[in-house]
Amino acid sequence: MSDPGPRDPGQRETTGPRGVRRSVPVTERVVVLDPASGRRAGQTADAEAEPTPPPRPGVPGYLAIDLGASRLAAGIVDQDGEVVLRDRVATPARNVWPVLTQLVGRVLAANPGDVEPQIVGVTCPGPIDRGTGSMKPIGMPMWHGFPIRRELVEITGLDVEMETPGRALALAEMWRGDAAEQPAGSTCFATMVLGDDADGGFVVHGRLVNGLTGNLGQFGHLVVEPEGMPCACGAAGCLTMYASARGIEASTNRELRRTPVAIVERTGIMVARACASVAAMLDVTEIVLGGVVPSVFGDPFFEALDRELDQRSGLGHLERMRVRGVSPGRIGPLVAAAAVARQRHLSEPIDAADATDDATADATDDVPGAEGEDDRSGPGVEAITAR
Ligand SMILES: [Zn+2]
């Protein structure tokens with residue numbers, strides 16, 4: 001999934017299947033304080049206070065939802081990418097969807113109304129079935145086939161857009177990251193989100209590349225260790241087994257923050273191998289890393305990554321290759337989910353049947369061999385800003 005920033009102190013540790021200790025967020029709600037009145041936004045004023053002014057119409061914004069194996073989060077994000085309200089709950093082992101419905105209902109009920117969601121953006125583990133609006137994450141059969149998009153349309157009455165965390169990070173990076181500072185249409189980069197799972201995305205000249213089924217970016221299944229650990233996808237040695245939070249915790253039997261240094265460094269090495277392959281394959285020199293793993297592991301992880309990358313990326317045209325973490329505080333999981341909704345605002349959606357024609361005209365000029373792909377676009381610490 002997309003778990004992205006450092007985990008909060010408001011967490012408890014549980015023992016999961018196979019004795020793996022996992023840090024599970026306790027249900028938490030954050031309502032941004034209204035600095036003008038000193039009371040919680042959304043609370044009613046005291047009875048003896050001044051007469052209540054007529055309600056102001058809210059400005060348009062987004063309802064952001066991040067679905068992951070360990071956490072469900074929802075929030076309201078404004079058009080500048082500031083989270084104005086959020087709520088979250090640990091992902092239950094079963095009956096996930098009623099819990100999600102309750103979560104979304106709480107967020108909408110708690111909305112003070114300054115920002116009115118117009119579109120819902122969802123991040124969830126892929127691959128995503130664009131036709132049914134459901135997902136089929138590897139190793140999570142209980143999530144298969146549930147029509148998330150249809151359910152959320154019914155609950156909210158809004159249009160719903162879905163993306164995987166890595167692809168959402170790509171969109172968020174072009175909204176609030178370094179890529180936003182570059183001239184529109186000139187940005188080429190890849191993303192990798194190392195959260196509960198490993199996932200990515202690929203942007204060419206400012207456009208997220210979709211691939212045949214809209215799932216380009218499943219970098220978690222790049223093989224980084226020949227004859228390595230078996231993966232649920234059927235291969236062995238996949239990146240997700242070595243660099244996702246779930247994979248690392250399963251191999252160490254420890255909570256992520258207590259990962260031994262040797263494993264932190266091994267993770268950096270494995271991610272470097274994946275980055276070298278991605279760069280060579282996609283012709284990019286910039287890869288943005290998001291997710292809880294790089295943010296928790298920090299410098300020892302990035303140092304091991306750089307050392308390995310030096311040895312593995314000797315291609316002359318990629319000599320300026322740079323792998324960096326996402327800007328902390330600017331892009332978190334809910335901002336990434338909001339970026340998915342925002343993308344719908346920016347361009348009318350292209351359905352699968354039209355995608356080939358449309359994108360061929362656009363992308364093929366830029367990228368030889370990209371015929372048939374159309375392009376459209378997680379995470380660090382969530383930016384919560386008082387307004
Ligand atoms: Zn795999």
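The values are calculated or read from the model by the stated rules, or taken from the named source; none is laboratory data. Just so you know, these numbers come straight off a predicted model, no measurement behind them. Quick reminder, even Gly has a Cβ in these numbers, built from the backbone with ideal geometry, and neighbours come from all protein chains shown.
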Handout entry: Candidate set: region 309-340, residues that are small (Gly, Ala, Ser) and not in a loop (DSSP other than H, G, I, E, B); chosen: the one surrounded by the fewest Cβ atoms within 10 Å (Cβ to Cβ)
Key = Gly316
Practice task
Determine, yes or no, whether Ala250 is in a loop (DSSP other than H, G, I, E, B) and of a type in the set (Gly, Ala, Ser).
Solution key: no
Exercise for the section: Determine if region 92-109 includes at least one residue that is among the hydroxyl-bearing types (Ser, Thr, Tyr), outside the structural domain of Asp197 (by TED's automatic domain parsing) and within 25 Å of Phe219 (Cα to Cα). Expected result: no
Exercise for the section: Mind listing whichever residues of region 287-304 are assigned to a helix (DSSP H, G or I) and touching a strand residue (DSSP E or B) at 6+ places or on another chain (Cβ under 6 Å)? Expected result: Val293, Pro294
Practice task
Might you let me know whether region 44-64 holds any residue that is β-branched (Val, Ile, Thr), part of a loop (DSSP other than H, G, I, E, B), at pLDDT below 85 and not assigned by TED's automatic domain parsing to the domain that holds Ile331?
Solution key: yes
Handout entry: Any hit, region 253-260, residues being assigned to a helix (DSSP H, G or I), surrounded by fewer than 23 Cβ atoms within 10 Å (Cβ to Cβ), more than 21 Å from the chain's Cα centre (by Cα) and more than 16 Å from the ligand (Cβ to nearest atom)
Key = yes
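Condition check: out of contact with any Ser or Thr (no Cβ under 9 Å at 6 or more places or on another chain) and part of a helix (DSSP H, G or I). Does Thr240 satisfy that?
Taking the combined requirement at face value, the residue satisfies it.
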Exercise for the section: Assess whether Gly157 counts as being modelled with pLDDT of 95 or more and at positive phi. Expected result: yes
Handout entry: Where a residue in region 130-142 is within 15 Å of Leu216 (Cα to Cα) and its partner, wherever it lies, is among the β-branched types (Val, Ile, Thr) and away from the ligand (no atom under 16 Å from the Cβ), with Cβ under 9 Å and at least six apart
Key = Arg130/Thr213; Met135/Ile128; Met135/Ile148; Lys136/Ile128
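Output yes when any residue across region 219-237 is outside the structural domain of Gly139 (by TED's automatic domain parsing), β-branched (Val, Ile, Thr) and within 18 Å of the chain's Cα centre (by Cα), and no when none is.
No, that holds for no residue.
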Problem - Answer residue from region 341-357, given it is at pLDDT 80 or above and either within 20 Å of Thr213 (Cα to Cα) or not assigned by TED's automatic domain parsing to the domain that holds Gly200 (or both) and is surrounded by the most Cβ atoms within 10 Å (Cβ to Cβ) among those - result: Ala341
Exercise for the section: Just give me the residues in region 208-240 being more than 7 Å from the ligand (Cβ to nearest atom), under 20 Å from Gly290 (Cα atoms) and not β-branched (Val, Ile, Thr), in sequence order. Expected result: Leu208, Asn210, Asn215, Leu216, Gly217, Gln218, Phe219, Leu222, Leu239
Exercise for the section: Go through region 136-148 residue by residue and tally those that are at pLDDT 90 or above and within 17 Å of the chain's Cα centre (by Cα). Expected result: 1
Exercise for the section: Return a yes/no flag: does region 180-188 have any residue that is more than 16 Å from the ligand (Cβ to nearest atom) and closer than 21 Å to Ser134 by Cβ. Expected result: no
Practice task
Show the residue pairs that are 6+ apart or on different chains and have beta-carbon atoms under 6 Å apart, the first residue being within region 216-232 and at positive phi, the second being among the small types (Gly, Ala, Ser) and more than 9 Å from the ligand (Cβ to nearest atom).
Solution key: Gly217/Gly166; Gly217/Gly200; Gly217/Gly201
